[in-house]
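Worksheet: one structure, shown below.
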């Protein structure tokens, strides 16, 4: 009988219940026997037989204590079950023997032993112990019938028992034992299959619930559910991050108490909702305003009945700030465009001033004071033109078009233009040195502007006579090291 025993927590609990139930039944049986046999002498048995019954009851109590101690040793779990089955079969057989053998009604207790053997050992164990019960019952009847053991209790029957009666009684009981074993094992197996299916479905449900919670907690959109009465039930991680409130601080509280602005999503009747997306402003835990894009939908059960509300919201604060900055940029761009237009219009009067001053400068017999004043006007005009040019360059940047540029040619153009301007004086001598062909891949207009600014600054820094040294060297930036 190498039947595997399922040693799970449920089986342990059942075995404990079996031990406790046996103790209760023994106690009731002992009290009834003592009351009927000792106090009222209601059963026609001698005191010696009662003493034997009490002794057997005492032995079963000792066995129950032994079962309980053995239950603590998991490695003896299977032995514990077999030992209890064998002891119970012996006890039932003894009760059958004491109460008239063939006429005893205690033979029904064999079925209880067979049933719990099916619970603990399965179909094979139930059939084996059904056979043991049949053998034990038949042995008691045969031994008493053939006077191999004395008769303890006489039923007072006025008919004789023949061999065929004993044989039929034994066969009927054995068949009933097998039927009970088979039916009990079928029920137990069905119960195990049902329990296994239930465990699988619970596991699948737990996995689905875990997946659902993972999805809810992973999205960056705040999700909050409320009851029909407006009490907050769930609050995902994104909602905590957006609002600054933790679930434990808002759970089961009225939504109007925590987020009054959410009440605008409901009409007077809470069952009537505004489903279109809206933008509202709430305050977080620190009192700072938060711009939210919100939408609300009914929360329904599997039967389609509404059980609450689902509120979905997203933090729009950063987007709002970007929109405000974009609006400011548009206004600044408009102002810059208007200023660029004004600067462009200023060039025409400056050109007229330049032409007029130059014509006046050609007048003969002009006093030196007037000539100095005209030079001051021209220098102011040049500074104003430079300012307008720089402003236009900032407002309307030159497209970054790069091409091969000959630096020597650009310097020649800048020097030639400088000699034609009012900044130039004959007292300054330009000395230019070059290492050869100096070319660069750059924006030609930007290079010209840089060189022109450097040369003009150098000329303005010379007081009286002096030399302006222009040295040109080609440097490969890729070969330079920090």
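Would it be correct to say that residue 126 is over 19 Å from residue 19 (Cβ atoms) and either under 60 Å from the mean Cα position of the chain (by Cα) or not assigned by TED's automatic domain parsing to the domain that holds residue 20 (or both)? Reasoning before the result, please.
Details: over 19 Å from residue 19 (Cβ atoms): yes; either under 60 Å from the mean Cα position of the chain (by Cα) or not assigned by TED's automatic domain parsing to the domain that holds residue 20 (or both): yes.
Considered against the rule, which asks whether it is over 19 Å from residue 19 (Cβ atoms) and either under 60 Å from the mean Cα position of the chain (by Cα) or not assigned by TED's automatic domain parsing to the domain that holds residue 20 (or both), residue 126 comes out as yes.
Of all residues in the range 315-334, which are within 23 Å of residue 241 (Cα to Cα) and either in a helix (DSSP H, G or I) or modelled with pLDDT of 85 or more (or both)? Quick ask: steps written out before the conclusion?
Of all residues in the range 315-334, those within 23 Å of residue 241 (Cα to Cα) come to 315-323.
Listed by number, the residues that qualify are 317, 318, 319, 320, 321, 322, 323.
From the list 128, 115, 89, 102, exactly one residue is in contact (Cβ under 8 Å) with a residue 12 or more places away in the chain, crowded, with 21+ Cβ neighbours inside 10 Å and on the phi < 0 side of the Ramachandran plot. Which is it?
Working: 128 fails: crowded, with 21+ Cβ neighbours inside 10 Å; 115 fails: crowded, with 21+ Cβ neighbours inside 10 Å; 102 fails: crowded, with 21+ Cβ neighbours inside 10 Å.
Checking each option against the conditions leaves just 89.
With the requirement that a residue be in contact with a helix residue (DSSP H, G or I) (Cβ under 9 Å, 6 or more places away or on another chain) and either modelled with pLDDT of 90 or more or within 30 Å of residue 235 (Cα to Cα) (or both), what does the range 190-218 give you?
Residues satisfying the conditions are 216, 217, 218.
Kindly indicate whether residue 286 is at pLDDT below 80 and part of a helix (DSSP H, G or I).
Against the criterion (at pLDDT below 80 and part of a helix (DSSP H, G or I)), residue 286 does not qualify.
Is it the case that residue 422 is in contact with a helix residue (DSSP H, G or I) (Cβ under 9 Å, 6 or more places away or on another chain), at pLDDT below 75 and either over 30 Å from residue 291 (Cα atoms) or surrounded by 12 or more Cβ atoms within 10 Å (Cβ to Cβ) (or both)? Show your work before the answer.
Details: in contact with a helix residue (DSSP H, G or I) (Cβ under 9 Å, 6 or more places away or on another chain): yes; at pLDDT below 75: yes; either over 30 Å from residue 291 (Cα atoms) or surrounded by 12 or more Cβ atoms within 10 Å (Cβ to Cβ) (or both): yes.
Criteria met by residue 422.
Among the numbered criteria (1) buried (at least 16 other Cβ atoms within 10 Å of the Cβ); (2) modelled with pLDDT of 80 or more; (3) under 26 Å from residue 124 (Cα atoms), which single criterion is violated by residue 3?
Here residue 3 meets the rest and fails (2).
How about the range 341-358: which of its residues are under 14 Å from residue 381 (Cβ atoms) and at pLDDT below 70?
Passing the criteria: only 347.
Given 77, 94, which one is closer than 21 Å to residue 121 by Cβ, in contact with a helix residue (DSSP H, G or I) (Cβ under 8 Å, 6 or more places away or on another chain) and assigned by TED's automatic domain parsing to the domain that holds residue 110?
Values: 94 fails: closer than 21 Å to residue 121 by Cβ.
After ruling out the rest, the residue left standing is 77.
The values are calculated or read from the model by the stated rules, or taken from the named source; none is laboratory data. Because the structure is predicted, anything quoted here is derived from the model rather than measured. As a convention, Cβ positions derive from the backbone with ideal geometry for all residues, glycine included, and neighbour counts pool all protein chains shown.
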